[in-house]
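Data block below; observations after.
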Amino acid sequence: MSENKINIGILLGDPSGIGPELISKLLSEKITDDVNIVVIGEKAILESGDKITGNKSNLEFVTDFDQINFKNNNKFFLDLTKGKNHQYKIAECSKESGKSVLQSLNLALDLAKQNKIHAINFGPFNKTSMIMGGNKHSDELHLMAERLNVESFFCEFNVVDNFWTARVTSHIPISEVPKNIKKEKIIKPIKLIHQTMKLNGIANPRVAVQALNPHAEFGVEEKNEIIPAIEEAKSLGINADGPLPCDTSFITAFKNKNHDCIVGMYHDALQSGLKAFGFDRGVTVQGGMPIPITTPAHGTAFDIAGKNQANLEPTLQSFKIALTMANNKK
């Protein structure tokens with residue numbers, strides 16, 4: 001074993017969803033033998049995942065990170081049970097599930113700040129349970145940014161088959177989108193996705209930028225804000241192109257392989273296209289964090305939780321992206 005390998009913290013996800021069984025499957029994959037693994041959570045949750053899949057994770061259990069010695073082993077379980085014996089109900093949102101997620105996530109983020117882990121890969125969280133459990137933010141990304149003291153721009157990236165997307169606006173009413181389409185706001189995700197994709201191994205990412213209005217014609221935002229942002233990106237050495245009409249942008253950029261990513265103006269203009277092409281393969285990358293943080297893009301899938309039907313592919317791809325980015329960053 002090597003102390004020079006990347007240390008990846010793995011979180012089991014919401015204990016009431018498919019996270020534990022996905023992580024159980026992931027730990028059986030050969031790629032996890034090539035990195036130092038620290039799974040963080042409660043022993044009973046890991047065991048529930050193994051029971052569903054029939055796998056045996058073969059981790060060395062510790063109760064404190066300082067007990068880990070990567071010279072002797074490369075896979076550890078940092079057990080946060082501390083006498084807790086809570087049995088989580090499958091397929092239900094709950095305060096208890098949310099608290100469990102927050103405990104493991106906060107510890108992983110603290111370990112990242114101490115440079116003890118170099119990337120985080122997590123099973124799907126449930127936002128409702130996290131809020132019930134005490135998360136004061138609307139999502140995990142803003143919690144991560146606060147915990148990691150991130151003051152620069154950050155945003156969520158969604159990835160299918162290594163094709164990336166970023167958004168200028170996200171979870172806001174459509175009526176509020178136009179007033180947020182400003183050059184200074186558009187350039188930020190363009191720059192960040194360019195930097196992040198280079199970290200993921202794309203030397204010169206081809207960045208497509210979507211229009212806001214139909215056919216990129218029926219409005220003023222393209223001329224006044226979007227095109228100037230694209231021109232500024234080009235002046236910075238970014239291979240930016242557009243604005244592409246939303247209704248054909250995924251055919252041009254993704255299907256025809258003319259670009260490596262798309263930056264869009266609002267949530268559904270991106271998510272509708274990306275999910276149509278590969279919902280079952282999607283990965284989410286938390287962009288702008290000081291370390292790579294990735295997860296499958298699907299949710300906790302309560303309808304199939306506990307049935308050993310969860311598709312490993314998005315989790316496996318999210319792990320590979322975290323590993324690639326961490327290696328290149330190091």
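Selection of region 185-197 for residues being touching a residue at least 12 places away in the same chain (Cβ under 8 Å) and either in contact with a Pro (Cβ under 6 Å, 6 or more places away or on another chain) or within 17 Å of Gly237 (Cα to Cα) (or both) yields Ile186, Ile187, Lys188, Pro189, Ile190, Lys191, Leu192, Ile193, His194, Thr196, Met197.
Taking every residue in region 294-320 that is more than 16 Å from Asn162 (Cα to Cα) and surrounded by fewer than 18 Cβ atoms within 10 Å (Cβ to Cβ) and pairing it with any residue that is among the polar types (S, T, N, Q) and at pLDDT 95 or above, at least 6 positions away or on another chain, the pairs with Cβ-Cβ distances below 9 Å are Gly299/Asn126; Phe302/Ser16; Phe302/Asn126; Asn308/Thr53.
Working only within region 161-196, note down all residues that are closer than 25 Å to Asn256 by Cα, modelled with pLDDT of 95 or more and touching a Phe, Trp or Tyr at 6+ places or on another chain (Cβ under 9 Å). Once the filter is applied, which keeps residues that are closer than 25 Å to Asn256 by Cα, modelled with pLDDT of 95 or more and touching a Phe, Trp or Tyr at 6+ places or on another chain (Cβ under 9 Å), region 161-196 yields Phe163, Trp164, Thr165, Ala166, Arg167, Val168, Pro189, Lys191, Leu192, Ile193, Thr196.
So is Ile193 buried (at least 22 other Cβ atoms within 10 Å of the Cβ), of a type in the set (A, V, I, L, M), under 29 Å from Glu151 (Cβ atoms) and not assigned by TED's automatic domain parsing to the domain that holds Leu141 or not? Criteria met by Ile193.
Restricting attention to region 76-134, the residues that are of a type in the set (Val, Ile, Thr) and buried (at least 22 other Cβ atoms within 10 Å of the Cβ) total 3. Per the listing Lys25, Lys30, the residue uniquely charged (D, E, K, R), crowded, with 17+ Cβ neighbours inside 10 Å and out of contact with any Pro (no Cβ under 6 Å at 6 or more places or on another chain) is Lys25.
Checking each residue in region 136-162 for being assigned to a strand (DSSP E or B) and in contact with a Pro (Cβ under 8 Å, 6 or more places away or on another chain) picks out only Cys155. Before we move on, is Lys223 without any contact (Cβ under 8 Å) to a residue 12 or more places away in the chain, assigned to a helix (DSSP H, G or I) and within 17 Å of the chain's Cα centre (by Cα)? So Lys223 does not fit the description; no. For first residues located in region 46-62 and more than 19 Å from Gln87 (Cβ to Cβ), partners that are small (Gly, Ala, Ser) and buried (at least 19 other Cβ atoms within 10 Å of the Cβ) and lie 6+ apart or on another chain with Cβ distances below 6 Å form the pairs Asn55/Ser24.
Of all the numbered requirements in (1) in contact with a Pro (Cβ under 9 Å, 6 or more places away or on another chain); (2) in contact (Cβ under 8 Å) with a residue 40 or more places away in the chain, Ile181 misses one, and that requirement is (1). Which of the residues spanning region 47-103 are part of a loop (DSSP other than H, G, I, E, B) and of a type in the set (Ser, Thr, Tyr)? Result: Ser57, Thr63, Thr81, Tyr88, Ser94. Exactly one residue out of Asp303, Asp241 is in the same structural domain as Glu222 (by TED's automatic domain parsing) and of a type in the set (D, E, K, R): that is Asp241. Residue pairs whose Cβ atoms lie under 7 Å apart, sitting 6 or more positions apart in sequence or on different chains, and linking a residue in region 134-150 that is closer than 15 Å to Val285 by Cα to a partner that is acidic (Asp, Glu), are Leu141/Glu156. Flag: Glu21 does not match the condition of being of a type in the set (Asp, Glu) and within 17 Å of Phe61 (Cα to Cα). Cβ-Cβ below 6 Å, separation at least six or inter-chain, first residue in region 253-276 and closer than 15 Å to Ala297 by Cα, second aliphatic (A, V, I, L, M) and not in a helix (DSSP H, G or I): which pairs? Correct list of pairs: Leu274/Val160. Going by the structure shown, is Phe319 farther than 30 Å from Glu176 by Cα and either in contact with an Asp or Glu (Cβ under 6 Å, 6 or more places away or on another chain) or outside any helix (DSSP H, G or I) (or both)? Considered against the rule, which asks whether it is farther than 30 Å from Glu176 by Cα and either in contact with an Asp or Glu (Cβ under 6 Å, 6 or more places away or on another chain) or outside any helix (DSSP H, G or I) (or both), Phe319 comes out as no.
The values are calculated or read from the model by the stated rules, or taken from the named source; none is laboratory data. Predicted model, so just to flag it, every value in this text is computed and none were measured. Heads up, the Cβs are rebuilt from the backbone with ideal geometry, glycines too, and the neighbour counts pull from every protein chain shown.
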